[in-house]
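See structure below.
The values are calculated or read from the model by the stated rules, or taken from the named source; none is laboratory data. Predicted model only: the values in this text are computed from it and were never measured. Ligands, DNA and RNA are excluded from the accessible area calculation, which covers all protein heavy atoms including side chains. Shrake-Rupley method; radii C 1.70, N 1.55, O 1.52, S 1.80 Å.
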Amino acid sequence: MHNPSNGGHHALRFVGIDPSSSDGESPTVWVDEEQQELVLQGWKPSPELEAECAALELPGHGAGIPEGEAVVRIPARMVHMIREACDALDRT
């Protein structure tokens with residue numbers, strides 16, 4: 001089980017923000033170089049979408065959304081930013 005740090009210094013590197021978001025909305029991608037993780041800020045899902053995700057049982061993944069995890073929505077137009085973040089982690 002993943003146990004993220006509850007504080008301390010993080011080496012966050014900003015990758016990008018959704019250029020099409022309106023004021024007050026800002027799906028964003030960062031790389032945490034210290035923890036070797038992608039950090040994503042996105043929109044909260046609708047209750048229906050969250051329930052659909054929680055109901056899925058996949059190999060190695062039971063139904064439900066574990067405590068400490070969240071479902072977020074990221075616009076497809078940000079895929080290149082997510083790829084850039086993945087590439088940055090591959091280089092570290």
Relative contact order (%) - criterion: Cα under 8 Å, at least six apart; region: region 34-92: 40
Å² of accessible area per residue within region 18-86, as computed with a 1.4 Å probe and no ligands counted: 68
Which of (1) 83; (2) 103; (3) 138 is the computed volume of the Cα convex hull per residue in Å³? It is (3)
Taking all protein chains as present, what is the carbon and sulfur share of the accessible area of the chain, in % to the nearest whole number, probe 1.4 Å? 52
Helix-only CD estimate at 222 nm, as mean residue ellipticity for the chain, using -39500 (n - 2.57) per DSSP H run (n ≥ 4): -7000 deg cm²/dmol
